[in-house]
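Asks: Structure below; questions to follow.
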Amino acid sequence: MPKELEPGSHESPDDSSSPAHTLELLCHLDDTAHGSVACQIYCIENAHGQLVRDLDFNPNKQYYLASCGDDCKVKFWDTRNVTEPVKTLEEHSHWVWSVRYNHSHDQLVLTGSSDSRVILSNMVSISSEPFGHLVDDDDLSDQEERRPEEKSQEPPQDSVIATYEEHEDSVYAVDWSSADPWLFASLSYDGRLVINRVPRALKYHILL
């Protein structure tokens, strides 16, 4: 492994030519059958106005990823067209250090910031199920016939679900539980670990 890529290195292999606000994606293409490994770099110029802190790929929707940075913004990208983000969140008032998609329900997005807040957002319009949980009319029994108001219901809208302010210092990391899709944790500079759950009303709205 090259020295500049070893754990603990604080500089990128090409810091001199890569601005901090440029988002670079290094893809390893492993062709095991032919015994070769290739690398390809995708670059999003000026992804953020300042330093890019974190990124996370949507686990359920190909080509989509989220990034965050010191410009206090969270941006969502479609890697097939990176001229501009498909969505931008500006809910934080200071640097955004961490962004994470929910592994099972990718409309749920967590962000942590130096403003000491954790924000849970519902980005349903760019999720793998933009119209919620879809059920075909043919699959409904006579007793489950869809009501007229349900048929004309508008698609769910993107929104901030909840803002958590249990931390008293910068929140450097947020992550979802690998065992429970409704459970998440956040960690701040002062060492405080806070565990929370997705609000029950939203949970049942997604499931039902």
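Asks: Would you kindly state how much longer the chain becomes between residue 22 and residue 163 on full extension, computed as 0.36 nm times their sequence separation minus their alpha carbon distance, in nm to one decimal?
Replies: Values: separation 141, 0.36 × 141 = 50.76 nm, distance 2.86 nm.
Full extension from residue 22 to residue 163 adds 47.9 nm.
Asks: While we're looking at this one, here's another question. Could you list the residues of region 90-118 with an amide nitrogen less than 15 Å from a label point located 7 Å from the Cα of residue 203 in the Cα-to-C-beta direction?
Replies: 104-105
Asks: Which FRET efficiency, nearest 0.05, do residue 42 and residue 173 yield, Cβ-Cβ r, R0 35 Å?
Replies: The pair residue 42/residue 173 has a calculated efficiency of 0.90.
Asks: Shifting gears a bit: If I ignore ligands, DNA and RNA and count only protein heavy atoms, how much of residue 71 is accessible to a 1.4 Å probe, in Å² to the nearest 10?
Replies: Residue 71 has an accessible surface of roughly 30 Å² with all protein chains in place.
The values are calculated or read from the model by the stated rules, or taken from the named source; none is laboratory data. None of the values given here were measured: they were computed from a predicted structure. Using ideal geometry, Cβ is built from the backbone for each residue, glycine included, and neighbour counts are taken over all protein chains shown. Note: accessible area is taken over every heavy atom of the protein model, side chains too, but ligands, DNA and RNA are not part of it. Shrake-Rupley method; radii C 1.70, N 1.55, O 1.52, S 1.80 Å.
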